[in-house]
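Let me begin by presenting the structure, written as structure tokens, before commenting on it.
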Amino acid sequence: MLGADFGTTALKVCLFDETGKLIVSESAKYNLITDGDFVEFPVEEFYEVFISTMSKITGKYPVSAMSVDTQGETLIVLDENGKPLTNAIIWLDNRAEKQAKEIEERFTAKRLYELTGQAEVPAGYPVPKIMWIKENKPEVYKSAAHYLLLEDYIIYRLTGKFAASRSLYSSSLLMNVRTGEYIPEILDFIGISESQLPKLYESGEYVGDYNGIKVVTSALDQIAGITGAGVVKEGIMSETTGTALAVSVLTSKLPEWHKGLTVSAYYVRKGLYALLMWAPTAGATLEWFKKNFCESDDYDKLNALAEKVPEGSEGLICLPHLCGTVMPENNANVKGAFFGATLKHTKGHFIRAIMESIAYTIKEYTDLINAKIGEIRSMGGGAKSDLWCRIKADVLGKKVITLKENETACLGSAIFAGIGAGVFSDAVSAVENVVDTDKTYEPKSSKYEEFYTDYKTKEKKIESIY
């Protein structure tokens, strides 16, 4: 089973057997074209990168089925012959700010959330981009026969069919998150028809063949990632501490809309949603500190220094908001800070305070959604630190579990490929067979309840300044 993960600037392709064992992997990087608010990439080069990378595996190993998860919101426009009319407009592109505001004014935040599960309308979403094309490139708009996202385009090039995973369309504003079908009133508003969009499938559905390999729908990269981590039912949460922080939890009940809602809901399968939360700086905060104050130390040394410091970092508190906040308040002006520094505080105190701050952020998110969570699957670079995992377990009062396989998005896509090929009956049974956990960290200290309260107090003070 081949699983591919198409990120913003890199592609990873992995081959797994039916037990989830990684057989071989290949990767490739590519550079985006940026010009102010415009962020693009030549459409056909996406396919070329995929084929050249995938062929390094398929040329040497037998492959039964493949599935490709991708970045969300990247828009591709094709003519009636399937040829690109423009470069792909990447999800980071912000040219459609005006159109995004027009959508919110027309439908209201409450109505949009009830329809799509999205708590906001960023300029990078497909619907504002289509409106921008209509207003600024009318010749492209008139010639557009197909509007696709990246996974759809790869599937089309592989099979000749226009097919899409409902998961990927969660943040398109085109699909009803409850029914998994397109929204007529939004299509009417932007002036396109359902015939210009791909047929919607569940993740793990067989679409067609490529050189004898079954091509199967995957999911939004975040959903593929949590699937590969074993987060396929309620009660399990994932957290990824990489450069940024990503937190995901599944729920069968779409949260009620309220003013100030910031958490969006993404389609996983009928009746099951993923609440995705994130912060722009997590590991990036520790990396910043290392680069500027501990340049000669590796991460093992940083962990060793922090290990010597007691819980709460002896009163030193870090606010890790070096690039502002996104949740629970979206405020790009908020700054990072250290509170309570004294002459007794060492590098180890600052390192541990940073680690604790990320754990506090995760707790903030779990409190925000008020979900029942039994365990947390930990991924990313932060999962390599025993100390950081122990801190998270103590702060959250939940057991934290790490995974043996780091390429969880590729594994998630491989699971979907296996479902489409009949190897697995569904994601839940597949996970039981192929997702191997590594270490388990049980909560042992309750001291963090007081420290977290102090953190929240300091955070409110900083936010009030900005």
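The values are calculated or read from the model by the stated rules, or taken from the named source; none is laboratory data. Fair warning: this is a prediction, and the values are worked out from it, not measured in the lab. Backbone-built Cβ (ideal geometry, glycine too); neighbour counts: all protein chains shown. Each accessible area value is taken on the protein alone, full model and side chains, heavy atoms only, with ligands, DNA and RNA left out. Shrake-Rupley method; radii C 1.70, N 1.55, O 1.52, S 1.80 Å.
Farthest toward the positive end of the dipole of the chain, out of 136, 391, 257, is the Cα of 391, where the dipole comes from beta carbon charges about the Cα centre. The antiparallel fraction among DSSP beta bridges confined to the chain stands at about 70%. Principal axis analysis of the Cα atoms in segment 237-394 yields extents of 53, 31, 24 Å, listed in decreasing size. Summary value for the chain: 17 percent relative contact order, contacts being C-alpha pairs under 8 angstrom separated by 6+ residues. The mean of 1/r over all distinct Cα pairs in segment 1-137, once inverted, gives the Kirkwood hydrodynamic radius of 17.0 Å.
Taken about its Cα centre, segment 82-220 carries a charge dipole of about 260 debye when Lys and Arg each add +1 at the Cβ and Asp and Glu each add -1 at the Cβ. In this simple spin-label model, placing a label point 7 Å from the Cα along the Cα-to-Cβ direction at both residue 346 and residue 178 gives a separation of 5.8 nm. Quick one: angle between helix 347-369 and the longest Cα principal axis of the chain, in degrees between 0 and 90, rounded to 10, please. It is inclined by approximately 50 degrees. Three principal axis extents of segment 318-463 based on alpha-carbon atoms, in descending order, are 61, 32, 27 Å.
Applying 1/(1 + (r/R0)^6) with r as the Cβ-Cβ distance of residue 195 and residue 98 and R0 = 30 angstrom yields a FRET efficiency of 0.65. FRET efficiency for the residue 262 to residue 137 pair, using the beta carbon distance and R₀ = 30 Å, is estimated at 0.40. Enter the angle in degrees (range 0 to 90, nearest 10) between the Cα long axis of helix 408-420 and the first principal axis of the Cα atoms of the chain, meaning the one along which they spread out most. Tilt relative to the chain: about 40 degrees. The length gained on full extension between residue 243 and residue 386, counted as 0.36 nm times the residue separation minus their Cα-Cα distance, comes to 49.7 nm. Here segment 176-298 exposes an accessible surface that is 50 percent carbon and sulfur, computed with a 1.4 Å probe and the other protein chains kept in place. With viscosity 0.692 mPa s and temperature 37 °C, the Kirkwood radius over alpha carbon pairs of segment 421-460 converts through Stokes-Einstein to a diffusion coefficient of 230 µm²/s. Separation of segment 175-233 and segment 19-92, taken as the distance between their Cα centroids, equals 16 angstrom. If one computes the Cα centroid of segment 256-277 and of segment 365-409, what distance in Å separates the two points? That distance is 20 Å.
Averaged per residue, segment 361-466 has 47 square angstrom of accessible surface, using a 1.4 angstrom probe with ligands and nucleic acids left out. Here the dipole of the chain is about 720 debye; that uses its Cα centre as origin and unit charges on the Cβ of Lys and Arg (positive) and Asp and Glu (negative). Can you give the accessible area per residue of segment 1-113, in Å², using a 1.4 Å probe? The answer is 45 Å² per residue. With the whole protein complex present, residue 190 retains an accessible surface near 0 Å², based on a 1.4 Å probe. Normalised by the number of residues in segment 191-306, the mean separation of alpha-carbon contacts (under 8 Å, six or more apart) gives a relative contact order of 18 percent. Computed in the context of the full set of protein chains, the accessible area of segment 324-387 at 1.4 Å probe radius has 52% of its extent on carbon or sulfur.
Spin-label model, residue 465 to residue 367: label points 7 Å out along the Cα-to-beta-carbon direction sit 2.1 nm apart. Lysine pair count for segment 224-309 with Cα-Cα distance under 27 Å and sequence separation of 8 or more or different chains is 8. Database note for the chain: Cys without another Cys beta carbon under 4.7 angstrom, 294, 318, 323, 389. Against the main long axis of the alpha-carbon atoms of the chain, helix 150-159 sits at an angle near 40°. The packing ranking, built from the mean of other Cβ atoms within 10 Å per residue, places the peptides 170-177, 449-456, 378-385 in the order 170-177, 378-385, 449-456, highest first. With both labels modelled 7 Å from their Cα along Cα-to-Cβ, the residue 45 to residue 28 distance reads 1.1 nm. Its DSSP H runs of at least 4 residues, each contributing -39,500 (n - 2.57), put the calculated 222 nm mean residue ellipticity of the chain at -11000 deg cm²/dmol, to the nearest 500. Packing here is the average count of other Cβ atoms within 10 Å per residue, and on that basis the peptides 299-310, 253-264, highest first, run 299-310, 253-264. Taking every alpha-carbon pair under 8 Å whose residues sit at least 6 apart, segment 145-230 reaches a relative contact order of 33 percent. In summary, segment 123-177 shows an alpha-carbon radius of gyration equal to 1.21 times the 2.2 N^0.38 Å reference for compact globular proteins.
Of the peptides 321-334, 267-280, the ranking by mean beta-carbon count within 10 Å, highest at the top, reads 267-280, 321-334.
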